[in-house]
């Protein structure tokens, strides 16, 4: 056994020094955590979702704490793609971990245009496509709940870029493996799951929703069992790597996802509770492997004994 276990993983041809990535929307543009975390120790950085034009997001209140989790209806507030390239990317390019940019749109053409622009930008290693957004041409139905719509939007993005293409799957579906198969056929190099679960909370004193948007996305430990089940299901059928997301707060949580078949994981809500969560998880994984004389994290992936 080596003194330091090998934590390197591969996601669709992109090499990561360890499997711990940041989840979009929970880590800003990374600079916000620069004084709290050694960013160069991360496996990969995924910035908050970007749209073509700047987006203000939803009116407050747009975050509410729940038992074991958090509801958010931020509304994908962001600076817009061009401002990101001009103002945020220069700092990110000084960091060593691979950079993946999360994108979203309300029309298929918006996704394609963003992918084409990103393809011309140095310093961006991949694109994560958020297909949980409403397709305005389909009456507001999310791209990610319909296999044909999901296939079409991913295919449109694939045609515009040779960069690593990660597709982030919505859990708000009957059969997530059907969506996974559709986007894989469309050219996805990697699948990340799950996005937040649609949920709500009510203030019994005022009898009003705790979110101005009424509903929001549930994240945190409350969704981990659901996320773990979906990752395991998708990993059974996918031919491309899977990235696990959902309520990962500790190294043990991360290892559960990897045993279920994930090649890497993303840390989201934990960043709000513990700003050092990502590096704590890296250290915890290394310690777990060393104590059990396991040389490589690769030896843990997909080893669920059923």
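The values are calculated or read from the model by the stated rules, or taken from the named source; none is laboratory data. Bear in mind that the values here come from a model prediction, so they are computed numbers and not experimental data. As a convention, Cβ positions derive from the backbone with ideal geometry for all residues, glycine included, and neighbour counts pool all protein chains shown.
Only a single criterion out of (1) assigned to a strand (DSSP E or B); (2) within 19 Å of the chain's Cα centre (by Cα); (3) surrounded by fewer than 15 Cβ atoms within 10 Å (Cβ to Cβ) is not satisfied by residue 32, namely (1). Considering only residues in segment 64-78 that are in contact (Cβ under 8 Å) with a residue 40 or more places away in the chain and over 19 Å from the mean Cα position of the chain (by Cα), the one that is surrounded by the most Cβ atoms within 10 Å (Cβ to Cβ) turns out to be 64. When segment 141-154 is filtered for residues that are surrounded by fewer than 17 Cβ atoms within 10 Å (Cβ to Cβ) and closer than 18 Å to residue 171 by Cβ, only 141 remains. When the strands (runs of 3 or more DSSP E) confined to segment 56-152 are screened for residues that are in contact with a strand residue (DSSP E or B) (Cβ under 6 Å, 6 or more places away or on another chain) and closer than 22 Å to residue 199 by Cβ, those reaching at least 3 such residues are found at 69-72. What do you reckon, is residue 254 more than 26 Å from residue 72 (Cβ to Cβ) and assigned to a helix (DSSP H, G or I)? The answer is no for residue 254. Taking segment 177-211 as the range and being over 30 Å from residue 120 (Cα atoms), in contact with a strand residue (DSSP E or B) (Cβ under 7 Å, 6 or more places away or on another chain) and touching a residue at least 12 places away in the same chain (Cβ under 8 Å) as the test, the residues that pass are 196, 197, 198, 199, 200, 201, 210, 211.
Looking for something within 24 Å of residue 20 (Cβ to Cβ) and under 17 Å from the mean Cα position of the chain (by Cα) - is there at least one such residue anywhere in segment 79-96? Within segment 79-96 (the criterion being within 24 Å of residue 20 (Cβ to Cβ) and under 17 Å from the mean Cα position of the chain (by Cα)), the answer is no, since none of the residues qualifies.
A quick yes/no check of all residues on (1) at pLDDT 95 or above; (2) touching a helix residue (DSSP H, G or I) at 6+ places or on another chain (Cβ under 7 Å); (3) surrounded by fewer than 19 Cβ atoms within 10 Å (Cβ to Cβ); (4) not in a loop (DSSP other than H, G, I, E, B):
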site: 205; (1), (2), (3), (4): yes, no, yes, no
site: 211; (1), (2), (3), (4): yes, no, no, no
site: 218; (1), (2), (3), (4): yes, no, no, yes
site: 226; (1), (2), (3), (4): yes, no, yes, yes
site: 233; (1), (2), (3), (4): yes, yes, yes, yes
site: 239; (1), (2), (3), (4): yes, yes, yes, no
site: 244; (1), (2), (3), (4): yes, yes, no, yes
site: 248; (1), (2), (3), (4): yes, yes, no, no
site: 262; (1), (2), (3), (4): yes, yes, no, no
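Please tell me if residue 287 is more than 18 Å from the chain's Cα centre (by Cα), touching a residue at least 12 places away in the same chain (Cβ under 8 Å) and under 27 Å from residue 98 (Cα atoms). For residue 287, the condition - more than 18 Å from the chain's Cα centre (by Cα), touching a residue at least 12 places away in the same chain (Cβ under 8 Å) and under 27 Å from residue 98 (Cα atoms) - is met. Among the residues of segment 183-203, those identified as buried (at least 17 other Cβ atoms within 10 Å of the Cβ) and assigned to a helix (DSSP H, G or I) are 183, 184.
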